[in-house]
1. Condition first: away from the ligand (no atom under 16 Å from the Cβ), of a type in the set (Asp, Glu), surrounded by fewer than 23 Cβ atoms within 10 Å (Cβ to Cβ) and under 18 Å from residue 184 (Cα atoms). Can you find one or more residues in segment 262-277 that meet it?
2. Could you grab me the full set of residues in segment 221-249 that are among the aromatic types (Phe, Trp, Tyr) and either touching a Gly at 6+ places or on another chain (Cβ under 9 Å) or modelled with pLDDT under 95 (or both)?
3. Check whether at least one residue in segment 239-246 is surrounded by 20 or more Cβ atoms within 10 Å (Cβ to Cβ) and of a type in the set (S, T, N, Q), and report yes or no.
4. Filter segment 286-326 down to the residues that are in a loop (DSSP other than H, G, I, E, B), away from the ligand (no atom under 16 Å from the Cβ), modelled with pLDDT of 95 or more and out of contact with any Lys or Arg (no Cβ under 8 Å at 6 or more places or on another chain) and list them by number.
5. Can you work out which of the residues in segment 341-352 that are more than 14 Å from residue 313 (Cβ to Cβ) and surrounded by fewer than 24 Cβ atoms within 10 Å (Cβ to Cβ) is nearest to the ligand (Cβ to nearest atom)?
6. When both residues are 6+ apart or on different chains and their Cβ atoms are under 8 Å apart, which pairs have a first residue that lies in segment 130-141 and is closer than 17 Å to residue 349 by Cβ, and a second that is within 13 Å of the ligand (Cβ to nearest atom) and not in a strand (DSSP E or B)?
7. Output yes when any residue across segment 336-344 is touching a residue at least 60 places away in the same chain (Cβ under 8 Å), on the phi > 0 side of the Ramachandran plot and over 15 Å from the mean Cα position of the chain (by Cα), and no when none is.
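The values are calculated or read from the model by the stated rules, or taken from the named source; none is laboratory data. Since we're looking at a predicted model, the values are computed, not measured. Quick reminder, even Gly has a Cβ in these numbers, built from the backbone with ideal geometry, and neighbours come from all protein chains shown.
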Amino acid sequence: MNRLLSLAIMFLMVSNLMAQEPEAQNRPNRPRARRSMVPTPSYPATADADGNHVNAHGGCIIAYNGEWLWYGEARPRFGFTSEGVSLYTAPIGTQPISASDSLAATPLDLKWKYRGLVLTVVDEAGSPIERGCIIERPKVLYNERTRQFVMLFHSELKGRGYEAAQTGFATSESPYGPFRLHHVQRPNPGRWPADFSDEDIKRAKALNPSDYPEWWTPTWRTAVEQGLLLAKDFESGQMSRDMTVYVDDDGTAWHIYSSEENLTLQAAELTPDYLGYTGRYYRIAPGGQNEAPCLLKHGDTYWLICSGCTGWTPNEARMFSAKSIQGPWTQHPSPMQGPGAKRTFEAQGTWIWTQPSPTADSPTLYFMADVWMPRSLALSRHLCLSITFEGDLPVIRK
Ligand code: GAL
């Protein structure tokens with residue numbers, strides 16, 4: 001009986017410790033917590049209206065009907081699979097609430113109301129969103145033609161790691177969900193990039209991965225630029241992992257994603273209902289190994305801010321500009337400046353949050369990023385930094 005009692009007390013103590021926010025656990029007078037599985041965060045939590053950390057990562061914030069809608073990955077406290085996509089809302093026009101821990105408030109410190117999971121994983125065996133799958137970087141667009149909210153996301157199948165590399169499409173009549181899975185697919189099977197000449201196609205078709213067993217050599221890199229991996233996936237469709245969406249001034253929606261084994265970004269035009277591809281797509285920085293794309297337009301120039309490919313570990317951001325989404329794209333130095341810039345302030349971009357500015361003509365743009373905590377993805381932090389233009393170049397400081 002004594003043994004049972006002490007076991008029960010121990011269990012209660014451990015579960016109590018695990019249930020606390022990591023800040024509480026990491027206080028100096030709680031040395032045991034340092035040995036727990038919860039990592040030390042480098043940024044404070046983003047509290048929602050109930051005081052819970054916002055569990056929306058790799059997401060987007062869009063305006064609709066007087067509200068900000070923040071959709072993001074709902075991640076479990078431990079492990080790498082997904083629970084679905086969560087939604088938080090806040091009224092547009094309210095001021096950031098002051099941060100409780102005396103750190104300066106950020107634009108994200110609004111009174112976010114948790115609206116639950118708008119897309120949930122299911123228990124149906126074989127479904128692309130079967131529990132155990134991975135749903136990353138959800139982005140939501142409102143389609144005025146169909147009056148539907150369309151969600152695109154990076155979809156990975158249960159038990160298959162990151163090999164499926166597909167795009168998921170889900171729809172809802174309401175911004176609050178529930179979103180229903182429409183289908184998952186790889187972009188543009190059987191299509192060459194729109195700007196590939198007959199010569200380019202002939203050269204790409206002749207490339208064979210078995211002729212390049214060793215990666216990262218100069219000849220391999222040239223072959224990648226010429227379409228070695230593009231051609232490999234020609235029949236099945238192009239790989240599609242980290243992603244964003246962008247609706248251009250003419251109403252054309254684009255899906256921009258890391259493709260070709262994360263070595264090349266592609267920009268693919270979506271059909272007018274946003275539920276598929278028209279077959280028109282372009283490559284961006286072939287062989288450049290970019291991911292986490294975020295796109296903005298300033299004046300007549302498109303700016304693409306990306307990360308390198310080091311998984312959950314931060315790296316130096318990259319930036320490209322073009323006069324059209326179709327390219328050509330020119331590379332620039334990272335827009336991050338000041339201390340921590342070399343590692344993007346420990347974060348990785350996910351979205352450009354466009355806010356109307358009460359004083360200026362042009363909106364205020366914020367670079368939203370995730371400070372990943374792979375040992376507890378649900379607790380990953382958020383970073384939201386304003387983008388200014390200095391001599392026409394975007395600059396981001398912390
Ligand atoms: C990152 C990517 C994340 C996630 C992670 C998995 O590079 O940006 O969205 O896929 O890799 O390791």
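1. yes
2. Correct list: 234 only.
3. Taking segment 239-246 as the starting set, the residues that turn out to be surrounded by 20 or more Cβ atoms within 10 Å (Cβ to Cβ) are 239-246.
Remaining after also requiring of a type in the set (S, T, N, Q): 240, 244.
So far as segment 239-246 goes, yes, one or more of its residues are surrounded by 20 or more Cβ atoms within 10 Å (Cβ to Cβ) and of a type in the set (S, T, N, Q).
4. 286, 323, 324, 325, 326
5. Taking the candidates together, the pick is 352.
6. 136/82; 136/241; 136/242; 137/242
7. Checked against the condition, which is being touching a residue at least 60 places away in the same chain (Cβ under 8 Å), on the phi > 0 side of the Ramachandran plot and over 15 Å from the mean Cα position of the chain (by Cα), segment 336-344 yields at least one hit.
One line per residue, one yes/no per condition, for (1) within 16 Å of the ligand (Cβ to nearest atom); (2) more than 27 Å from the chain's Cα centre (by Cα); (3) of a type outside the set (Gly, Ala, Ser); (4) modelled with pLDDT under 95:
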| residue | (1), (2), (3), (4) |
| --- | --- |
| 16 | no, yes, yes, yes |
| 32 | no, yes, yes, yes |
| 37 | no, no, yes, yes |
| 56 | yes, no, no, no |
| 73 | yes, no, yes, no |
| 92 | no, no, yes, yes |
| 110 | no, no, yes, yes |
